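Reading through the structure tokens given below for one structure.
The values are calculated or read from the model by the stated rules, or taken from the named source; none is laboratory data. Predicted model, so just to flag it, every value in this text is computed and none were measured. Here the Cβ positions follow ideal geometry from the backbone for every residue, glycine too, while neighbour counts run over all protein chains shown. Keep in mind that these areas ignore ligands, DNA and RNA; they rest on the heavy atoms of the full protein, side chains included. Shrake-Rupley method; radii C 1.70, N 1.55, O 1.52, S 1.80 Å.
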Amino acid sequence: MDKIMIPHGAQEILETLQFNGYEAYVVGGCVRDSLLGVEPKDWDICTSAIPSRILYSFRDKRVIETGLKHGTVTVVMDDGQYEVTTFRVDGDYSDHRHPDSVNFTESLREDLARRDFTINAMAYSEKTGLVDPFGGAQDLKRKVISCVGNPNDRFSEDALRILRALRFASTYQFDIDNRTSKAIHSKADTLNEIAAERIRVELCKLLSGKGVLCVLMDYSDVIATIIPELRPCIGFEQNNRYHQYTVYNHIAHAVENYKGNDDVVNVALLLHDIGKPLCYTEDERGGHFHGHGVVSHDIAEVVLDRLRFDNKSKADILELVLYHDSVIEPAPRVVKRWLNKIGEVQFLRLMDIRIADILAHAVDTQQSRIERHHALVQIEKNVIEEEQCFKLKDMNINGKDLIEIGVPEGKRVGMILDALLESVISGYIPNDHDILVWCAKMLILVGGA
């Protein structure tokens, strides 16, 4: 095995603890990612030293008592902060979230045995090398997610581990071994006992993984446990020539088609067709889902509230769900109206959603809509690059100018500005100050706007 390159601060912590007679290792995700060739985001350290001994060992450093009763402190080094935790054994998990008690141990193996998956149950130090009692390195090579010990026990301890397993499978494009998979399906209902905020975080990470399609398809029962509003979509046939998948499978493919990492887009794609089963009608031409954008918006609002999304993300997601199926003509005036309506960021997100959606439709119905999509994206690019006017603050006239030519303060100022902006967007008049002032005077004379 190649040597793991430990950051200077973490290495100094290991050496200080070892010099004082204690075992110390980097542990968990940083070891996993290092073995995968991925730069770790955090470096966690475990040690045989009890908390009071950790504090004494770093009495000359700034130490934050992060979770002292659970054996964790944070040591502040020149290159960052590092969590240092005493080897421990967890007690029962009566709430399926947190251990009722924590007992310190001098055994690294016992500490690693309490962890969720074999790939997270490895430790390393330059002095000892890799410590891997449960075969995590082999599972990394096999690209498999396996629980440490009995999967039912691990998921009973903390049901969120179910979503963590799916997240790792999605992120690393790993399979989930059979015993772990069976336990995930059988224990899915225990996710109802987990705080919504914790579920939201894992769900968003899961949706951004390259292996998301397999996870959504193979574990639809788990996804429907945390979002029961999706359950009617599973197996719901669409019965028209534009669709090759059921509603749920279409959603899964749409999510997979998006290659970015914007949580707002990923969640909007997961929810964009959630209202379809309630809108279904059928005639001689097949199945239809008239008005499903509005219904999906309303259902999505309930989901987002329950999962405690922040207000900004919630508003953005709902707007995208509402407009995902809107007809947008590839014309500059139309694109500028949409940019004025929802803004550049949301417009580009909407384009990402629409192409992901299109590519999840029947293959022989895609081409014309793909061409329309590319045309819309190009028009938007031209509008931005050429700094074309599409919002009030871009206009070469403002409310102060109107008041100076005799428009009384109040609603009429806004009405005239809106009328002028629409004329500029439509191409009827240029965004020229003198011409805008002249047009404003004409509107005053004729009583327009």
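Being more than 17 Å from the chain's Cα centre (by Cα) and small (Gly, Ala, Ser) is true for just one of Ala375, Ala356, Ala315. Which residue is that? Talk me through it step by step, then tell me what you get.
Numbers: Ala356 fails: more than 17 Å from the chain's Cα centre (by Cα); Ala315 fails: more than 17 Å from the chain's Cα centre (by Cα).
None of the others qualify; the one that does is Ala375.
Determine, yes or no, whether Arg88 is among the charged types (D, E, K, R), closer than 28 Å to Ala165 by Cβ, at pLDDT 95 or above and more than 30 Å from the chain's Cα centre (by Cα). Show your work before the answer.
Numbers: among the charged types (D, E, K, R): yes; closer than 28 Å to Ala165 by Cβ: yes; at pLDDT 95 or above: no; more than 30 Å from the chain's Cα centre (by Cα): yes.
Taking the combined requirement at face value, the residue does not satisfy it.
Considering only the stretch 201-212, I want to know if a residue exists there that is over 24 Å from Asp310 (Cβ atoms) and either of a type in the set (A, V, I, L, M) or in contact with a Lys or Arg (Cβ under 9 Å, 6 or more places away or on another chain) (or both). First the steps, then the outcome.
To start, the set of residues in the stretch 201-212 that are over 24 Å from Asp310 (Cβ atoms) comprises 210-211.
Those still in the list that are either of a type in the set (A, V, I, L, M) or in contact with a Lys or Arg (Cβ under 9 Å, 6 or more places away or on another chain) (or both) too: 210.
Within the stretch 201-212, one or more residues are over 24 Å from Asp310 (Cβ atoms) and either of a type in the set (A, V, I, L, M) or in contact with a Lys or Arg (Cβ under 9 Å, 6 or more places away or on another chain) (or both).
Select from the stretch 164-178 the residues that are assigned to a helix (DSSP H, G or I) and under 20 Å from Asn249 (Cα atoms) and list them in ascending order.
Residues satisfying the conditions are Leu166, Arg167, Ala169, Ser170, Thr171.
Quick one: in the stretch 326-344, which of the residues that are touching a helix residue (DSSP H, G or I) at 6+ places or on another chain (Cβ under 8 Å) and open to solvent by 40 Å² or more (accessible area, probe 1.4 Å) is nearest to Asn240 (Cα to Cα)? Spell out the reasoning first.
So in the stretch 326-344, the residues touching a helix residue (DSSP H, G or I) at 6+ places or on another chain (Cβ under 8 Å) come out as 326, 328, 330-333, 335-340, 342, 344.
If we keep only those that are open to solvent by 40 Å² or more (accessible area, probe 1.4 Å) too, we end up with 330, 332-333, 337, 340, 344.
Details: Pro330: 25, Pro332: 32, Arg333: 32, Arg337: 32, Asn340: 34, Glu344: 33 Å.
Among those residues, the one meeting the criterion is Pro330.
Taking Ile403 as the residue in question, decide whether it is part of a helix (DSSP H, G or I), loosely packed, with under 15 Cβ neighbours inside 10 Å and either β-branched (Val, Ile, Thr) or touching a residue at least 40 places away in the same chain (Cβ under 8 Å) (or both).
On the way: part of a helix (DSSP H, G or I): yes; loosely packed, with under 15 Cβ neighbours inside 10 Å: yes; either β-branched (Val, Ile, Thr) or touching a residue at least 40 places away in the same chain (Cβ under 8 Å) (or both): yes.
So Ile403 passes the test.
Do you know which of the residues in the stretch 1-36 that are outside any helix (DSSP H, G or I) and open to solvent by 70 Å² or more (accessible area, probe 1.4 Å) is farthest from Phe168 (Cα to Cα)?
Taking the candidates together, the pick is Asn20.
If you scan the stretch 434-449, which residues turn out to be in a helix (DSSP H, G or I), open to solvent by 30 Å² or more (accessible area, probe 1.4 Å) and of a type outside the set (A, V, I, L, M)?
Within the stretch 434-449, the subset in a helix (DSSP H, G or I) is 434-446.
Within this subset, residues satisfying the condition of being open to solvent by 30 Å² or more (accessible area, probe 1.4 Å) are 434-435, 438, 441-446.
Once the filter is applied, which keeps residues that are in a helix (DSSP H, G or I), open to solvent by 30 Å² or more (accessible area, probe 1.4 Å) and of a type outside the set (A, V, I, L, M), the stretch 434-449 yields Asp434, Trp438, Lys441.
Quick check on my filter: what residues within the stretch 132-157 are closer than 20 Å to Asp90 by Cα and of a type in the set (Val, Ile, Thr)?
Val148
Given (1) in contact (Cβ under 8 Å) with a residue 40 or more places away in the chain; (2) closer than 21 Å to Cys204 by Cβ; (3) open to solvent by less than 50 Å² (accessible area, probe 1.4 Å), identify the lone condition not met by Leu350.
Here Leu350 meets the rest and fails (1).
So, Asn431, is that one open to solvent by 70 Å² or more (accessible area, probe 1.4 Å), closer than 28 Å to Pro330 by Cα, in contact with a helix residue (DSSP H, G or I) (Cβ under 6 Å, 6 or more places away or on another chain) and at pLDDT 90 or above or not? Spell out the reasoning first.
Working: open to solvent by 70 Å² or more (accessible area, probe 1.4 Å): no; closer than 28 Å to Pro330 by Cα: yes; in contact with a helix residue (DSSP H, G or I) (Cβ under 6 Å, 6 or more places away or on another chain): yes; at pLDDT 90 or above: yes.
No.
Would you check if Gln346 is within 24 Å of the chain's Cα centre (by Cα) and of a type outside the set (Phe, Trp, Tyr)? Lay out the reasoning, then the answer.
Details: within 24 Å of the chain's Cα centre (by Cα): yes; of a type outside the set (Phe, Trp, Tyr): yes.
Spelling it out, Gln346 is indeed within 24 Å of the chain's Cα centre (by Cα) and of a type outside the set (Phe, Trp, Tyr).
If you take the residues of the stretch 314-325 that are in contact (Cβ under 8 Å) with a residue 24 or more places away in the chain and open to solvent by 30 Å² or more (accessible area, probe 1.4 Å), which of them is nearest to Asp357 (Cα to Cα)? Outline the logic, then answer.
Just the residues of the stretch 314-325 that are in contact (Cβ under 8 Å) with a residue 24 or more places away in the chain, to begin with: 316-317, 319-325.
Narrowing further to those that are open to solvent by 30 Å² or more (accessible area, probe 1.4 Å): 319, 322-323, 325.
On the way: Glu319: 16, Leu322: 14, Tyr323: 12, Asp325: 9 Å.
Within the stretch 314-325, the match that is nearest to Asp357 (Cα to Cα) is Asp325.
For Ala300, indicate whether it is among the small types (Gly, Ala, Ser) and in contact with a Leu (Cβ under 7 Å, 6 or more places away or on another chain). Quick ask: steps written out before the conclusion?
Values: among the small types (Gly, Ala, Ser): yes; in contact with a Leu (Cβ under 7 Å, 6 or more places away or on another chain): yes.
Yes, satisfied.
For the stretch 353-368, which positions are without any contact (Cβ under 8 Å) to a residue 24 or more places away in the chain, assigned to a helix (DSSP H, G or I) and closer than 22 Å to Ile274 by Cα?
The answer is Ile358, and nothing else.
Which residues, counting only those in the stretch 360-400, are surrounded by 14 or more Cβ atoms within 10 Å (Cβ to Cβ), basic (Lys, Arg) and more than 29 Å from Glu256 (Cα to Cα)?
Lys391
Cβ contacts < 8 Å: first residue open to solvent by 10 Å² or more (accessible area, probe 1.4 Å), restricted to the stretch 255-270; second residue part of a loop (DSSP other than H, G, I, E, B) and among the polar types (S, T, N, Q), any location; separation 6+ or different chain. Result?
Asn261/Ser208; Asp263/Ser208
Is there any pair linking a residue in the stretch 328-340 that is more than 15 Å from Ile370 (Cα to Cα) to one that is open to solvent by 70 Å² or more (accessible area, probe 1.4 Å) and not basic (Lys, Arg), with Cβ under 9 Å and at least six apart or on different chains, and which?
The qualifying pairs are Val335/Glu329; Arg337/Glu422; Asn340/Leu392.
Being modelled with pLDDT under 95 and out of contact with any Lys or Arg (no Cβ under 6 Å at 6 or more places or on another chain) is the requirement here; does Lys127 meet it? Lay out the reasoning, then the answer.
Details: modelled with pLDDT under 95: yes; out of contact with any Lys or Arg (no Cβ under 6 Å at 6 or more places or on another chain): yes.
Spelling it out, Lys127 is indeed modelled with pLDDT under 95 and out of contact with any Lys or Arg (no Cβ under 6 Å at 6 or more places or on another chain).
Does the stretch 158-171 contain any residue that is open to solvent by 40 Å² or more (accessible area, probe 1.4 Å), of a type in the set (Val, Ile, Thr), within 16 Å of Leu216 (Cα to Cα) and out of contact with any Cys (no Cβ under 8 Å at 6 or more places or on another chain)?
Initial filter on the stretch 158-171 (open to solvent by 40 Å² or more (accessible area, probe 1.4 Å)): 164, 171.
From what is left, the residues that are of a type in the set (Val, Ile, Thr) are 171.
Within this subset, residues satisfying the condition of being within 16 Å of Leu216 (Cα to Cα) are 171.
In the following step, the residues that additionally are out of contact with any Cys (no Cβ under 8 Å at 6 or more places or on another chain) were identified as 171.
Yes, the stretch 158-171 contains at least one residue that is open to solvent by 40 Å² or more (accessible area, probe 1.4 Å), of a type in the set (Val, Ile, Thr), within 16 Å of Leu216 (Cα to Cα) and out of contact with any Cys (no Cβ under 8 Å at 6 or more places or on another chain).
Of the numbered conditions (1) touching a strand residue (DSSP E or B) at 6+ places or on another chain (Cβ under 8 Å); (2) on the phi < 0 side of the Ramachandran plot, Lys143 satisfies every one except a single condition; which is it?
(2)
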